[in-house]
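First comes the structure, then the notes that go with it.
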């Protein structure tokens, strides 16, 4: 059986040589272990550099808005959902983008791996659900399942729902997963405890905005954090400003977030920023029965209403 | 009277009310014209429609030290722009849940539908809002205080 | 004063003997990461790779008050900026990696030019004594030896420690360093054997750094030749334009000045800023001299590898610590970019 | 250590609305402490950071000349949050001035030469300073012919009418004031600055041109000057970039290795041709 990497290269070469697309957006191998980089293959030769492994964390849909050329994208379940989002939000045309669906068995949480093996890793070998980390004088084996990102462990759509072709056969979807078990526990606590929890969560934030910049949903020309008249939040390291930033960032993703985890993977400080977006994702699903990016036809929940929408909290 | 009650008694909260131009602002006006009494803790900001409300406004009000925020607009079906308040309702639902989930105390954030004919309701809701915010006490969450850095 | 020996079992005594005059900072585990924190005994790390964040924040905090003012028109002196009293405490930073010390030395040259000196950098910098700790085991992403630095580089340090196993060899490098070692307890004069072992460690560590880049062609080429090179069209493609690389970098020093007002008092604060941000160069008119990712990414590398060398006597604005390589969410590897620039 | 970030406190002595759209005002500032005026020794072409506590700082060219004692002039366009706050201030209000910053026009090197001064719109501020300085009886003899070409979109958008109308009456400066098109009541020249420059046709012989204006004006004036025979060393320009520190540290105004705030804002075209066009 051919590997995902081989299938992706094959498809990319075919699309490029047939002139179907101008560029294939995928991943290339990282210059250091446990990383990959988004890669734009424009020729058949460059397509040879495309790869697929368990470190393709960045969401490639992020690179689509305002693109002019015809582009093929290798897309995990979540990436494909974000491409659908972009199409719905008129950031790219359906006929301009060729979705190479890559059914996904989850991506590895870099921080989690480094927590388990803090020595300098020189090489990573992946086979049969095992990651073997090799250093100058050590070799450590980890179960991939143990170091998956939390969003991948609870992923509801590992197979792309909208695609032009699939690189490999579909993988079984996870069953019996409660995506929000931890949130329910958290919400059962007192408001003071929740406040303390979220303050603690973002206390290390350095305001690099990597979470925003890695997010495919954040394509505004001018982000609210950069607005000056009025200035919505200060730029110093201040708890109220940091929290305001995270709340507004999350709210802007309401009804659009696919929980792809790019924000969390991009955060250099290891902040669990998904805790904010997940709160909204959960509500959107429970209140309006909507999951982002599953179909090109469904209307996003904040662009529609029902006369009988819940409103118990309104006097 | 306990110490706690005393504090609440003396505390005069600042409450920012975002009122829709066509209904709740008219309701406030009618309450005034009708000489209906309610405590003077409310600072009104007129907005064209609750559909114009951005979560930024609410967070900014708290950030700048508001003890409570109240957003009020037309009853569903009565929107001057047909459905502005119905779209807004979904945003308010999500925002209300989000802010409470991250630790906003109960009683700080209020939403209501008050028509321009409901001066009475406006005064009643105003009293309710003020009482709730008073009960919650001075706000310290999501408030920006003087910057504490080296 | 000659080189000294400090047994690791005497570290606590050493630290305690300095506490009367100095606050002592050393690498400690802070959650998942290693960072500098005040210590009062020997409980800190010597076998770490490097601190997670660059220690530049010790002299150049991410947010720092510059002035304070009142906006109370009724009061006296409203709207007139008053200096914030700064009496930085004398500090000893123990266990600083040589690359980070070299970065301080570069920043010394940036925060002082022929006309001005930045008081906020120098007030803390001058009150601090830096005792470095050479790297016996450099990381795979270290490339310090390519950029005028090395695992046992001495520039910028007041003293350098060599980890010889159960004891440290301390080499004083400046008057400030000598003074601290004079005062410290637990030290014994070094024997020849220790010196030889230290030299061997240094040799071995330098050899262990296999990651190399060259900058000779960059130095030779003109600004415009480098600026207009074709490779910039590809480097930026995957960049997110987040500020991670600049915030974790030990030599990135660009800052913003902001006024923060609370009620009738306010502060002028300076904050780290990043050339990756769209707003960084945005004019009030709406014109932006660096409008896209390409220009912004190019600026960062050109600044470090061409502009700083031109302005600061050939000093390269990178010390090869590898933090940006490890933390870039899209794996833009500075070594690859430098190879392209030098190709 | 002298703190280079600390502004001198000043009082707004007078505010003059300069243009018909009321977006440009000239602020006459007087130092609160007379000794600060001595410390603030500047030359034409330099700028200062105007500091509004609570809003921030903005780099603005100094429009007054060192020969005008007792005050500083700054003409400010209302665009962003600080300039808007400044426009809302009243005479008598207190603010800060930090500087002088940057280099200046090369007045020493220009001695014995003819000087062509070309300005567009509100970029004329530091050139007003330069002309006032050159026309001062103590300095006029040091320079040859002085030609001043200044244009704006409409007569109402021309700054410093009092000054240029006085210069038009003098015989030791040729002042050509132009507007983009015909306007009722305007009897002066009509045409864009590059066209008027061509028409005036200043000789490059022993001359230097100081050019300051919007990018579009610079773009079309530069070829005219080159056609007239001005070499890239003879064309001198003043740049502006977003700035914060103003003292060559904070890094945002860089154009290549040069800090516009400290190494500039004045550069010769020869220097600029060796730098990226990041301004």
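The values are calculated or read from the model by the stated rules, or taken from the named source; none is laboratory data. Keep in mind it's a predicted model, so treat the numbers as computed, not measured. Please note: Cβ atoms are built from the backbone with ideal geometry, for glycine as well, and neighbour counts cover all protein chains shown.
Observations on the structure shown:
- Take the conditions (1) at pLDDT 95 or above; (2) crowded, with 23+ Cβ neighbours inside 10 Å; residue C:108 misses just one of them, which is (2).
- Selection over the range A:268-289 of residues that are more than 8 Å from every other protein chain (Cβ to nearest Cβ), part of a loop (DSSP other than H, G, I, E, B) and under 18 Å from the mean Cα position of the chain (by Cα) gives a count of 4.
Every residue, every condition in (1) closer than 30 Å to residue A:135 by Cβ; (2) in contact with a helix residue (DSSP H, G or I) (Cβ under 9 Å, 6 or more places away or on another chain), yes or no:
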residue: C:111; (1), (2): no, yes
residue: C:123; (1), (2): no, no
residue: C:136; (1), (2): yes, yes
residue: C:141; (1), (2): yes, yes
residue: C:145; (1), (2): yes, yes
residue: C:152; (1), (2): yes, yes
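- Which listed residue, of B:125, B:71, is touching a residue at least 40 places away in the same chain (Cβ under 8 Å), within 11 Å of another protein chain (Cβ to nearest Cβ), surrounded by 20 or more Cβ atoms within 10 Å (Cβ to Cβ) and assigned to a helix (DSSP H, G or I): B:125
- Criterion violated by residue A:263 - all others in (1) surrounded by fewer than 20 Cβ atoms within 10 Å (Cβ to Cβ); (2) under 17 Å from residue A:79 (Cα atoms) satisfied: (1)
- Residue match in the range C:310-329 (condition: at the interface with another protein chain (Cβ under 7 Å from one of its Cβ atoms) and either assigned to a strand (DSSP E or B) or over 19 Å from residue A:37 (Cα atoms) (or both)): yes
- Listed by position, the strands (runs of 3 or more DSSP E) inside the range D:8-100 whose residues that are over 18 Å from residue C:284 (Cβ atoms), away from chain C (no Cβ under 12 Å) and touching a residue at least 12 places away in the same chain (Cβ under 8 Å) number at least 3 are D:8-17, D:24-31.
- Against the list (1) outside any strand (DSSP E or B); (2) crowded, with 19+ Cβ neighbours inside 10 Å, the condition residue A:14 fails is (2).
- Test for residue C:78: is it within 8 Å of another protein chain (Cβ to nearest Cβ), more than 30 Å from residue C:219 (Cβ to Cβ), in contact with a strand residue (DSSP E or B) (Cβ under 7 Å, 6 or more places away or on another chain) and surrounded by fewer than 22 Cβ atoms within 10 Å (Cβ to Cβ): yes
- Among (1) more than 30 Å from residue B:102 (Cβ to Cβ); (2) touching a helix residue (DSSP H, G or I) at 6+ places or on another chain (Cβ under 9 Å) - the single one residue A:127 does not satisfy: (2)
- Cβ-Cβ under 6 Å pairs, at least 6 apart or on other chains, the range A:176-188 side exposed (fewer than 13 other Cβ atoms within 10 Å of the Cβ), far side assigned to a helix (DSSP H, G or I): none
- Restricting the range C:97-156 to residues that are assigned to a loop (DSSP other than H, G, I, E, B) and within 14 Å of chain D (Cβ to nearest Cβ), the residue that is farthest from residue C:47 (Cα to Cα): C:115
The rows are residues; the columns are (1) modelled with pLDDT under 95; (2) more than 8 Å from chain B (Cβ to nearest Cβ); (3) touching a helix residue (DSSP H, G or I) at 6+ places or on another chain (Cβ under 8 Å); (4) within 30 Å of residue B:146 (Cα to Cα).
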| position | (1), (2), (3), (4) |
| --- | --- |
| A:188 | no, yes, no, no |
| A:200 | no, yes, no, yes |
| A:228 | yes, yes, yes, yes |
| A:232 | yes, no, yes, yes |
| A:243 | no, no, yes, yes |
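- For the range B:28-43, the count of residues that are surrounded by 23 or more Cβ atoms within 10 Å (Cβ to Cβ) and within 13 Å of another protein chain (Cβ to nearest Cβ) is zero.
- Lone unmet requirement of (1) in a loop (DSSP other than H, G, I, E, B); (2) in contact (Cβ under 8 Å) with a residue 24 or more places away in the chain for residue C:68: (1)
- Residue B:57 at pLDDT 95 or above and surrounded by 19 or more Cβ atoms within 10 Å (Cβ to Cβ): no
- Residue A:145 satisfies every condition listed in (1) more than 25 Å from residue A:116 (Cβ to Cβ); (2) in a helix (DSSP H, G or I) except (1).
- Some residue of the range C:55-76 being closer than 18 Å to residue C:160 by Cα and touching a helix residue (DSSP H, G or I) at 6+ places or on another chain (Cβ under 8 Å): yes
- Residue A:215 touching a residue at least 60 places away in the same chain (Cβ under 8 Å), within 30 Å of residue D:85 (Cβ to Cβ), in contact with a helix residue (DSSP H, G or I) (Cβ under 7 Å, 6 or more places away or on another chain) and crowded, with 22+ Cβ neighbours inside 10 Å: no
- Among residues of the range C:226-251 being without any contact (Cβ under 8 Å) to a residue 60 or more places away in the chain and on the phi < 0 side of the Ramachandran plot, the one that is farthest from the other protein chains (Cβ to nearest Cβ) is C:230.
- Being closer than 30 Å to residue A:111 by Cα and either in the same structural domain as residue C:254 (by TED's automatic domain parsing) or assigned to a loop (DSSP other than H, G, I, E, B) (or both) is a property that residue C:36 lacks.
- Hits in the range B:23-68 (condition: out of contact with any strand residue (DSSP E or B) (no Cβ under 8 Å at 6 or more places or on another chain) and assigned to a loop (DSSP other than H, G, I, E, B)): B:34, B:35, B:36, B:37, B:38, B:39, B:40, B:54, B:64, B:65
- Summed over the range B:128-145, residues that are assigned to a loop (DSSP other than H, G, I, E, B) and surrounded by 15 or more Cβ atoms within 10 Å (Cβ to Cβ) total 7.
- Residue identified as under 23 Å from residue C:55 (Cα atoms), touching a strand residue (DSSP E or B) at 6+ places or on another chain (Cβ under 6 Å), crowded, with 22+ Cβ neighbours inside 10 Å and touching a residue at least 40 places away in the same chain (Cβ under 8 Å) among C:156, C:132, C:177: C:177
- Put simply, of B:117, B:131 the only residue that is touching a residue at least 60 places away in the same chain (Cβ under 8 Å) and more than 10 Å from every other protein chain (Cβ to nearest Cβ) is B:117.
- Filter result (over 24 Å from the mean Cα position of the chain (by Cα), over 21 Å from residue C:318 (Cα atoms) and touching a residue at least 60 places away in the same chain (Cβ under 8 Å)) within the range C:199-221: C:204
- Filter result (surrounded by fewer than 20 Cβ atoms within 10 Å (Cβ to Cβ), closer than 15 Å to residue D:121 by Cα and either more than 14 Å from chain C (Cβ to nearest Cβ) or in contact with a helix residue (DSSP H, G or I) (Cβ under 7 Å, 6 or more places away or on another chain) (or both)) within the range D:210-248: D:214, D:220
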